[in-house]
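K.L.:
Here it is, the structure in full.
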Amino acid sequence: MITRVKGTHDFLDLSLFNFIVNQAKDHLTTYHFSEIKTPILEPLDLFKRSLGVYTDVVSKEMFLIQGQPDEQICLRPEATASTVRAFVENGIQDTPWKVFTYGSMYRHERPQKGRFREFNQINIETIGSDSIAQDVQLIKMLDRFFHEKLNLNNYALLINFLGCFEDRVMYRALLKDFLDSPQAELICANCVERKDKNIMRVLDCKNITCQRIYMDTPLLINNLCGTCDQEWNQLQEQLHLLSVSYAVKPNLVRGLDYYNKTVFEFTSDNLGAQSAFCGGGRYDQLISQIGGKEDQPSIGAAMGIERLILLLEPMRDTLPLPQPPALHLILPMGKEQIALALLLADTLQAANLCTDVMVEGASIKNMMRKANKLGAAYALILGDQEQENKTVTVKNMVTGTEERIAQIDLVAYLKK
Ligand code: HAM
């Protein structure tokens, strides 16, 4: 038996998935974002240049596609770089360009609860604005979405500020001094490697000993230049003004290299080890990184649909999920009634009534049992007599009452 690829999953019930996507589309429209769609296949170079070659995603987790010998194509691991590519490639002039997209992303990670190799994100970007007020608007929009549109309460918003390019050059040197000091002697082998390749990523290490050591590192937010310090204060003041609760997490660096200034994550203890269900931040140099001429300061975020589903599943009953339409199930008593059943079903379906026919030929008892199991609202019984009299026996499955209705009046009867 061929089974699904490791780290992928089948959605057999899309009600929560569609609920999340539809609520997001509605909410994002209110905030003046429009929907776009970019390819799942992208050049590998796009992610090497944007996410950084030493990030886990690019160095270990890319799904490569066999193309022409001179083509290096991959399945997209995220949608920010693709959105920025689309912005440049399509010569978008009107900024800020406020867009979102949703769909599957691919990362060859070790699968665990809430972590898949094929997963879905809703990705939101505001391209072409350096105003920190955009960061505030985006974060407020997300907070309201989780709270008011998905009814989530039990989550935290963690924020940090990574400063400008110069701030990070200076901070990396401070961090290097710290990591070279005896205080940091016991950091793990991974961190020793990161120290040389991508030093700020050490702060993201999950090893307990490392985390304890990094509690004493100098903090980037205490070493910002004048302008960044002002923006960091502005971000916090305006979040406060808009009643967004947050906690500052000075070691939050995020897993992708394109970030500067604002970074944030929404996390929930109900998710286990993979606690972040949304993450994002500002990226002001991404366009030049992917070879564009003119940089556009930008900010964005992505939420993981599978992780949101994990959070919503236990509270499914409290959500305003759309109800499936009432099912009308036609039960032909014998082979002789099947053609009539098909004709009748066709009439009902043309009148937009959700209808199915049991053509498998079971006893009336079995068919009624199945109708119950399927949650049918009405069983429409067609036997010899009904066929002869041009009627249908309509059984209301909720009240149990039965009525004989002329076939010609059936649509009007069921619609009333
Ligand atoms: P990210 O933090 O890598 O950011 O992913 C965003 C969200 O996608 C995570 O918080 C998580 O909910 C979900 N996610 C990530 N990896 C997996 C996985 N293997 N399985 C299930 N869910 C996962 C980005 O992707 C950035 N592009 C976000 C962004 C947009 N920054 C600026 N604009």
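The values are calculated or read from the model by the stated rules, or taken from the named source; none is laboratory data. Values in this document were obtained by computation on a predicted structure and should not be read as measured data. Quick reminder, even Gly has a Cβ in these numbers, built from the backbone with ideal geometry, and neighbours come from all protein chains shown. Each accessible area value is taken on the protein alone, full model and side chains, heavy atoms only, with ligands, DNA and RNA left out. Shrake-Rupley method; radii C 1.70, N 1.55, O 1.52, S 1.80 Å.
K.L.:
Anyone know which of Leu321, Leu242, Leu380 comes out most mobile in the 10 Å Cα GNM of the chain?
P.N.:
Answer for the Gaussian network model of the chain: Leu380.
K.L.:
Right, here's the next one. According to the Cα gyration tensor, what semi-axes, each the square root of 5 times an eigenvalue, does the equivalent ellipsoid of the chain have, listed from largest to smallest in whole Å?
P.N.:
Numbers: eigenvalues 604, 100, 92 Å².
After diagonalising the Cα gyration tensor, the semi-axes are 55, 22, 21 Å.
K.L.:
Next up: To one decimal place, what Kirkwood hydrodynamic radius in Å is obtained for segment 133-262 from all pairs of distinct Cα atoms?
P.N.:
By the Kirkwood definition, the hydrodynamic radius is 16.1 Å.
K.L.:
Also, quick follow-up: One quarter of the convex hull surface, Cα atoms only: what value does that give for segment 103-178 in nm²?
P.N.:
If I average the Cα hull's projected area over directions, I get 8.4 nm².
K.L.:
Grab the beta carbon distance between Glu402 and Asp346, set R0 = 25 Å, and tell me the FRET efficiency rounded to 0.05.
P.N.:
In this case the efficiency is close to 0.60.
K.L.:
If you line up the Cα atoms of segment 328-415 on their principal axes, what length do they span on each, largest first, in Å?
P.N.:
27, 27, 22
K.L.:
Still on this structure, please answer the following. For segment 153-249, with every protein chain kept in place, what is the accessible area per residue (1.4 Å probe, Å²)? Intermediate values should be presented prior to the final figure.
P.N.:
Working: 5410 Å² over 97 residues.
Accessible area per residue: 56 Å².
K.L.:
Moving on. So, counting K/R as plus one and D/E as minus one, what does the shell of residues with Cβ under 11 Å around Leu319 add up to?
P.N.:
0
K.L.:
Follow-up question, since we're still on this one. Would you work out the charge dipole size for the chain about its Cα centre, treating the Cβ of every Lys and Arg as +1 and the Cβ of every Asp and Glu as -1, and quote it to the nearest 20 debye?
P.N.:
Rounded to the nearest 20 debye, it is 880 debye.
K.L.:
Moving on to the next point. Compute, for segment 328-415, the length of the dipole vector about the Cα centre, with Cβ point charges of +1 (Lys, Arg) and -1 (Asp, Glu) only. Units Debye, rounded to 20.
P.N.:
For this selection, approximately 340 debye.
K.L.:
Put +1 on the Cβ of each Lys and Arg and -1 on the Cβ of each Asp and Glu in segment 200-334; which of Ser288, Leu311, Cys225 then has its Cα farthest toward the positive end of the dipole?
P.N.:
Leu311
K.L.:
Once phi is turned into θ = phi - 60°, what whole-Hz ³J(HN,Hα) does the Karplus curve with 6.51, -1.76 and 1.60 give for every residue of segment 37-51, x standing for Gly and Pro?
P.N.:
9, 10, x, 7, 8, 9, x, 4, 4, 4, 8, 4, 6, 8, 6
K.L.:
Only Cα pairs under 8 Å and at least 6 apart count here; give the relative contact order of segment 328-415 as a rounded whole percent. Numbers along the way, then the final one.
P.N.:
Details: 130 pairs, mean separation 26.2, N = 88.
With pairs under 8 Å counted, the relative contact order is 30 percent.
K.L.:
For the chain, which cysteines have no disulfide-compatible partner, meaning no other cysteine Cβ under 4.7 Å?
P.N.:
When partners are defined as cysteine Cβ atoms under 4.7 Å apart, the chain leaves Cys74, Cys164, Cys188, Cys191, Cys225, Cys228, Cys278, Cys354 without one.
K.L.:
Go ahead and collect, in residue order, the members of segment 15-50 whose backbone nitrogen is under 12 Å from a label point 7 Å along the Cα-Cβ direction of Glu71.
P.N.:
Under cut-off, by backbone N: 41-44.
K.L.:
Could you give each residue of segment 9-22 its phi-based ³J(HN,Hα) in whole Hz, using Karplus coefficients 6.51, -1.76, 1.60 with θ = phi - 60°, and x for Gly or Pro?
P.N.:
8, 9, 9, 9, 9, 9, 5, 6, 4, 5, 4, 4, 5, 5
K.L.:
Oh, and also: Please give the calculated 222 nm ellipticity per residue for the chain, where each DSSP H segment of at least 4 residues contributes -39500 (n - 2.57) and the sum is spread over every residue; nearest 500 deg cm²/dmol?
P.N.:
Value at 222 nm, helices only: -10500 deg cm²/dmol.
K.L.:
So if we plug the beta-carbon distance of Ser15 and Glu336 into 1/(1 + (r/R0)^6) with R0 = 60 Å, what FRET efficiency do we get, rounded to 0.05?
P.N.:
On the way: r = 38 Å, r/R0 = 0.64.
Given R0 = 60 Å and the Cβ-Cβ separation, E is 0.95.
K.L.:
Would you pull out the residues with amide H under 5 Å of Cys188's amide H, same chain only if 5 or more places away, H placed 1.01 Å from N?
P.N.:
Excluding prolines and chain starts, which carry no amide H, the hits are Cys210.
K.L.:
What residues have an amide H closer than 5 Å to that of Asn151, excluding those fewer than 5 places away on the same chain, when H is modeled at 1.01 Å from N in the peptide plane?
P.N.:
Placed amide hydrogens put nothing under 5 Å from Asn151.
K.L.:
Quick one: 3J(HN,Hα) in Hz for segment 80-91, Karplus 6.51/-1.76/1.60 with θ = phi - 60°, rounded, Gly and Pro as x.
P.N.:
Running phi through 6.51 cos²θ - 1.76 cosθ + 1.60 with θ = phi - 60° gives 5, 4, 5, 5, 5, 4, 5, 4, 6, 5, 8, x Hz.
K.L.:
Leaving out ligands, DNA and RNA, what percent of the accessible area of segment 328-415 is carbon and sulfur, probe 1.4 Å?
P.N.:
Working: 2670 of 5100 Å².
With neighbouring chains kept in place, the figure for segment 328-415 is 52 percent.
K.L.:
Turning to a different aspect of this structure: Could you give the length gained by full extension between Ile364 and Thr209, i.e. 0.36 nm per residue of separation minus their alpha carbon distance, to one decimal place?
P.N.:
In short, 49.0 nm is gained.
K.L.:
Moving to a separate point now. Order Asp284, Asp269, Asp196 by their accessible area, 1.4 angstrom probe, all chains in place, largest first.
P.N.:
Final ranking, largest accessible area leading: Asp269, Asp196, Asp284.
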